[in-house]
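Read the structure below first, then the notes.
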Amino acid sequence: MRKSSARARASSIPVRPIVKRLAPYVTPEEGRAGKLRLDFNENTLGCSPAALRALRRMTAEQLCMYPEYELSQRRLARRFGVRPAEMLFTNGVDDALRLLMDTFVEPGDTVLLPEPTFTMYRFYAEIAGARIAAERYDSDMNFPLDGILRALRRSPRLLCLANPNNPTATLLDRKALARILDAAPRTLVLVDEAYYEFAGVTVLPWIRRRAHLVVSRTFSKAVGLAGLRLGALFARADMADAMRRTCTPFPVNSAALVAAEAAMSDRAYLNRYVSRIKASRAQLAKGLEVLGARVFPSAANFLLVDFGPGGSRLVRRLAKRDILLRDRAGELGRDGFVRVTVGTPAQTRVLLRAIEEEW
Ligand SMILES: Cc1ncc(COP(=O)(O)O)c(C=O)c1O
């Protein structure tokens, strides 16, 4: 009796209003293993075999101990061409976003976003109690540069840019990025380079010159370690230091670091994988255009495709054949828009054949 009244009292603990209003992030369906996973921009071939071997060599003692970061940080920082003090490991870029908000964003601050973009920027900004100011890409998926430059005059606290952007797959060149940074001396600018390996454009070396720039990278995409959850944030040492203060003590597990180091050492494997995906991307874009779809230019490992009316139906039909794509109708405002991860050339051939039959 007493137990149940305690339970009833517990359920009346108020949830923050912002949490009640939050649109939940839609995580992938379960049971995707073995299917053609072209819905979450993962690596569809597998990480370097060197990473798997390194994981198998891990000892029980390594698993008993809390992770130690210093050595891995030193070695990985060298690979990225930065000093260890300029780098922080995070539990994926998702966790990096929460860290940024925790360190720099007060309730009521403005977070500026071009949209559509990676949905987690808005998600974490809203949890932080920020006000969102958004500038939309146009219907040809051109970045709203003038709108963003205008909005920066009001000095928002934070601007998040995915470069290349998800889901548009578009890339801002370094000139445009320099203009944005010059226009925003009092705004923290996150350049999220989750798909850097496929685009080859980076502003990482600029962190030393620009204190208001933070760059993020992930090991979930080209490197193929999404299941281990590892990301990194790069910023000038004093900025990185500030973020370290709000970081959980052990945000990243030991296995993630072991695998990441091995995967990053196998440069040849990574380069080969990226070249294959770029070749496959061209083959997929051409094949889709031949079938009559509109394909937007891509600098990433996915394509934004407009199939017109019937796009959502096509996604559902392909799912029945175990081919998973991501319907983006909601984000882009009408049926037809679908985000398609680029797989290997063989996977692309399977996909094109299935689309021809189902569309
Ligand atoms: C632009 C962008 N940033 C970050 C992420 C997530 O990265 P992580 O797996 O490291 O959390 C994604 C995943 O889709 C993304 O598209």
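The values are calculated or read from the model by the stated rules, or taken from the named source; none is laboratory data. What you are looking at is a predicted structure, and each value in this text was computed from that prediction instead of being measured. Cβ coordinates were reconstructed from backbone atoms using ideal geometry, including for glycine residues, and neighbour counts include every protein chain displayed. Please note that ligands, DNA and RNA were not included when accessible areas were found on the heavy atoms of the full protein model with its side chains. Shrake-Rupley method; radii C 1.70, N 1.55, O 1.52, S 1.80 Å.
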Qualifying positions in region 316-328 - over 15 Å from residue 31 (Cα atoms) and open to solvent by less than 20 Å² (accessible area, probe 1.4 Å)
318
Need a quick list: helices (runs of 4 or more DSSP H) entirely within region 224-310 having at least 2 residues that are surrounded by 19 or more Cβ atoms within 10 Å (Cβ to Cβ) and either hydroxyl-bearing (Ser, Thr, Tyr) or within 16 Å of the ligand (Cβ to nearest atom) (or both).
254-265, 267-290
Of the residues that make up region 329-341, is at least one of a type in the set (S, T, N, Q), closer than 30 Å to residue 74 by Cβ and either open to solvent by 20 Å² or more (accessible area, probe 1.4 Å) or outside any loop (DSSP other than H, G, I, E, B) (or both)?
no
Please indicate, with yes or no, whether at least one residue in region 178-196 is assigned to a loop (DSSP other than H, G, I, E, B), out of contact with any helix residue (DSSP H, G or I) (no Cβ under 8 Å at 6 or more places or on another chain) and touching a residue at least 40 places away in the same chain (Cβ under 8 Å).
yes
Exactly one condition in (1) near the ligand (Cβ under 10 Å from one of its atoms); (2) over 29 Å from residue 44 (Cα atoms) is false for residue 195; which is it?
(2)
Return the residue satisfying two criteria in turn: it lies in region 342-359 and is hydrophobic (A, V, I, L, M, F, W, C) and outside any helix (DSSP H, G or I), and of such residues it is modelled with the lowest pLDDT.
359
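Yes/no per residue for (1) away from the ligand (no atom under 16 Å from the Cβ); (2) over 26 Å from residue 89 (Cα atoms); (3) of a type in the set (A, V, I, L, M); (4) assigned to a loop (DSSP other than H, G, I, E, B):
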| residue | (1), (2), (3), (4) |
| --- | --- |
| 150 | yes, yes, no, no |
| 159 | no, no, yes, no |
| 164 | no, no, no, yes |
| 167 | no, no, no, yes |
| 211 | yes, no, yes, yes |
| 215 | no, no, yes, no |
Among the residues in region 96-107, are any touching a Gly at 6+ places or on another chain (Cβ under 8 Å), within 12 Å of the ligand (Cβ to nearest atom), closer than 17 Å to residue 194 by Cα and open to solvent by less than 50 Å² (accessible area, probe 1.4 Å)?
yes
